[in-house]
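Beneath this line is the structure, given in structure tokens, with notes to follow.
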Amino acid sequence: MYELIKWNNELETKIEEIDSQHKKLIQIINKLYTAMLEKKAKNILKDIIGELIDYTKYHFSTEENYMEKYNYPGYLNHKSQHGFFVRKVNEFQEKFKSGSATLSIEILNFLKDWLVNHIKVVDKELGKFLIEKGVKDL
Ligand code: FEO
């Protein structure tokens with residue numbers, strides 16, 4: 001599999017469940033990248049995009065549950081960033097399905113840049129807060 005994103009220590013939040021979900025998200029994006037490079041059929045790409053959306057929503061709800069449970073002060077800002085990403089990927093999925101957009105390196109780079117920046121800044125800040133609260137896992 002080709003790697004558009006490589007896992008590294010800078011991406012660690014130190015919350016095991018969140019880190020393992022981030023690894024899975026990276027794996028799905030790398031799978032999509034590989035399928036694009038290998039010029040896989042549209043229905044295969046469509047399935048991977050669907051998997052990315054489903055897993056992203058699942059992952060965001062995990063973090064949002066942590067935030068709610070521990071009254072995280074940055075909750076609204078963090079949640080609105082999640083909402084932005086889901087809207088963007090949903091919009092792309094609709095365009096892809098209708099044939100008005102194709103999967104490109106620009107789209108993949110958008111996914112990569114958003115996710116990496118989000119983890120490095122916003123998720124790590126959440127991780128720090130949860131560790132201060134003594135959280136290991138929910
Ligand atoms: Fe890991 Fe806030 O998404």
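The values are calculated or read from the model by the stated rules, or taken from the named source; none is laboratory data. Treat the numbers as computed from the prediction; the structure is a model and nothing was measured. Using ideal geometry, Cβ is built from the backbone for each residue, glycine included, and neighbour counts are taken over all protein chains shown. Ligands, DNA and RNA are stripped out before the accessible areas are found, and what is left, the full protein with its side chains, is counted by its heavy atoms. Shrake-Rupley method; radii C 1.70, N 1.55, O 1.52, S 1.80 Å.
Brief remarks follow.
- Yes/no for Tyr58 being open to solvent by 50 Å² or more (accessible area, probe 1.4 Å) and not in a loop (DSSP other than H, G, I, E, B): yes
- Members of the range 21-68 that are of a type in the set (Lys, Arg) and under 21 Å from Phe96 (Cβ atoms): Lys31, Lys39, Lys40, Lys42, Lys46, Lys57
- Within the range 9-23, the set of residues being of a type outside the set (Lys, Arg) and open to solvent by 60 Å² or more (accessible area, probe 1.4 Å) comprises Asn9, Glu10, Glu16, Ser20.
- Residues satisfying the stated conditions in the range 69-128, i.e. in contact (Cβ under 8 Å) with a residue 60 or more places away in the chain, within 11 Å of the ligand (Cβ to nearest atom) and open to solvent by 80 Å² or more (accessible area, probe 1.4 Å): Lys120
- For the range 29-39, the tally of residues that are in contact with a Phe, Trp or Tyr (Cβ under 6 Å, 6 or more places away or on another chain) and open to solvent by less than 10 Å² (accessible area, probe 1.4 Å) stands at 0.
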